[in-house]
Amino acid sequence: MTTEQIRRLDPARDLLARVTELSGHDVYACYQCGRCTASCPFSFEPQQVVRRLQLGQVDAALAAGTTWSCASCFTCTAACPKDVDPARVMRALRELSPGRHGPRRRAWLFANNHRLAPMGSKLAPVSNWLLRAPGAGVLAHYCLGIHRARTLPAYARRPFPAWFRARRPLGDGRRGSVLLFHDTFMDYNHPETGIAATELLELAGFHVELTDSVCCGRPMISKGFTQQARAQARANVERLYPRAAEGLFIVGCEPSCLLALRAEYPDLLRGTGLEHEARAVAGQSLLLDEFLAALAERGELDLRFAGEGEVLFHAHCHQKAYGSPGASLALLRLAGYDAELVNAACCGMAGAFGYEREHYAASRAAGERELFPAIRAHPKAQVVVAGVSCRHQIQDFTGRSPSHLAEALRAAVTAASGSAG
Ligand code: SF4
Ligand code: SF4
């Protein structure tokens with residue numbers, strides 16, 4: 001049933017029509033198989049929300065705890081056989097009734113991490129000391145709603161773009177240019193991920209350029225700041241489109257950020273006159289592993305690897321929903337590692353969800369379902385992840401220090417790779 005048909009049949013269902021419009025998905029495609037609820041790592045009930053919407057009970061769907069607690073991990077999206085995308089349907093519902101994303105101050109803080117991180121980096125190591133100072137956790141717990149047992153990621157004194165500008169490129173760039181989409185966490189918390197990605201691409205023969213871009217907007221989407229997210233999407237599409245139109249690939253390391261370009265922008269910019277440009281940018285956006293795996297498949301990955309040892313790879317939820325964890329695994333094996341994909345759903349962090357005071361227990365329980373036991377069962381394995389939130393969740397609850405996929409691949413590249421040898 002189309003949006004217009006719904007309106008004509010029952011004007012009272014106008015809200016439901018707006019949910020369909022906003023989400024781009026049709027709840028009537030759902031046949032109540034229950035896979036979404038069965039797959040939810042936090043034991044929420046997306047199937048019930050969809051069911052209420054099918055019955056025209058929009059108020060009941062809005063009142064459901066799942067609608068507001070949902071961590072937007074997209075595990076249910078990946079599980080749905082009918083492309084209903086319950087996560088986006090619930091997000092559309094939340095858009096109809098904004099202002100219930102937990103404490104306003106905390107939501108603003110998480111949504112605007114890209115404004116705070118440059119300051120944190122500039123003030124490091126003082127900022128890092130403040131984050132870990134006695135009493136800081138209790139203060140954050142009661143004033144901001146960030147659980148006292150959590151510590152926000154430390155800031156790097158030297159941001160990644162500063163390293164990038166000062167570096168001496170490896171390789172000769174003979175294969176042309178590729179754009180590296182540098183996210184906020186790469187820039188200010190984990191420059192080592194950006195360094196590894198840059199060196200990998202350069203050793204593979206590419207001339208690496210940093211994107212002229214702003215924050216992808218994912219944190220704003222998650223926290224209900226949709227207009228702000230749309231402005232970010234517009235700014236990025238306007239800046240990236242000319243390069244995408246030249247045929248350049250936009251390669252990123254953080255699945256939630258890069259996949260915002262691919263899986264969110266075309267919807268966010270619907271009706272703005274930038275649809276064509278958004279689709280073009282989405283079409284050229286790839287995760288680092290997708291880019292390298294595609295080269296490897298064509299026999300064009302000009303890298304020599306000598307990795308060794310056991311690797312446990314945990315894929316990011318957005319990668320599972322919109323990317324391909326298989327590409328990461330194939331690359332790790334190609335790099336020489338004895339690599340296995342952990343058979344686990346969400347790590348439990350899901351962006352900022354695990355930091356939130358009221359979600360701490362659910363976050364921990366989600367990790368304890370499969371991921372943490374698998375890691376504990378392999379004490380000698382190197383743990384490799386694709387996302388920054390997975391990295392911190394694993395650190396917090398298992399004491400292990402995962403590396404990003406880019407770092408693991410870079411570490412396995414032999415000195416014989418690339419013209420810089
Ligand atoms: S998006 Fe994740 S947290 Fe939300 S209902 Fe789906 S599986 Fe559960
Ligand atoms: S998995 Fe999809 S089709 Fe099945 S109940 Fe959930 S939304 Fe409906």
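Read-outs throughout are calculated quantities, based only on the coordinates presented, and are distinct from any laboratory measurement. Predicted, not measured: the structure shown is a model, and the values here were computed from it. Please note: Cβ atoms are built from the backbone with ideal geometry, for glycine as well, and neighbour counts cover all protein chains shown.
Per the Cauchy relation, a quarter of the hull surface: what is the mean projected area of the convex hull of the alpha carbons in the range 183-237, in nm²?
4.4 nm²
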- Message: Cut-off 10 angstrom, C-alpha nodes, Gaussian network model of the chain. Which of G309, G283, G348 fluctuates the most?
- Response: G309
- Item | Fewest-first sequence of V126, V384 by Cβ atoms within 10 Å of each Cβ | V126, V384
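Of H404, H114, how do they rank once you tally other Cβ atoms within 10 Å and put the fewest first?
Listing H404, H114 from fewest to most nearby Cβ atoms yields H114, H404.
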- Scan around Q382 for amide H atoms under 5 Å from its own, H built in the peptide plane at 1.01 Å from N, and keep only partners 5 or more places away or cross-chain. E310, V311, L312
- Anyone know which of A166, A408, A345 comes out most mobile in the 10 Å Cα GNM of the chain? A166
- Query: Of all the stretches in the chain, which is the longest one without any exposed loop site, taking GluC sites (Glu not before Pro) in a DSSP loop (any state but H, G, I, E, B) with at most 12 other Cβ atoms within 10 Å?
  - Reply: 1-245
- Message: Strictly greater than 14 Å: what percent of every Cα pair in the range 205-294 meets that?
- Response: 61 percent
- Item | For the chain: Kirkwood Rh in Å [reciprocal of mean 1/r, alpha carbons] | 22.3 Å
- Query: Which lysines have a Cα lying under 27 Å from the Cα of K380, excluding residues fewer than 8 positions away in the same chain?
  - Reply: K320
- Message: If you scale each eigenvalue of the Cα gyration tensor by 5 and take the root, what three semi-axes come out for the range 3-96, rounded to whole angstrom and sorted largest first?
- Response: 21, 13, 11
- Using alpha-carbon pairs under 8 Å, 6+ residues apart, how would you state the relative contact order of the chain in percent? 15 percent
- Note on the structure: Fewest to most Cβ atoms within 10 Å: D14, D85, D289 sort as D14, D85, D289
- Note on the structure: Eigenvalues of the alpha-carbon gyration tensor of the range 316-372, times 5 and square-rooted, give semi-axes in Å, largest first, of 27, 12, 8
- Task: Among Y355, Y142, Y265, determine the one that fluctuates most according to a GNM of the chain built with springs between C-alpha atoms less than 10 Å apart.
- Result: Y142
- Bounding extents of the range 54-169 in its principal axis frame from Cα atoms, largest first in Å, are 57, 43, 22
- Task: Give me D for the range 88-147 in µm² s⁻¹, whole number, from Stokes-Einstein with Rh from the Kirkwood sum over alpha-carbon pairs, 37 °C and 0.692 mPa s.
- Result: 244 µm²/s
- Quotient of Cα radius of gyration and Kirkwood radius for the range 103-258, i.e. Rg/Rh, equals 1.02
- Message: For the range 302-412, take every pair of Cα atoms, bin their distances at 10 Å starting from 0, and report each bin as a whole percent.
- Response: 15, 49, 29, 7, 1
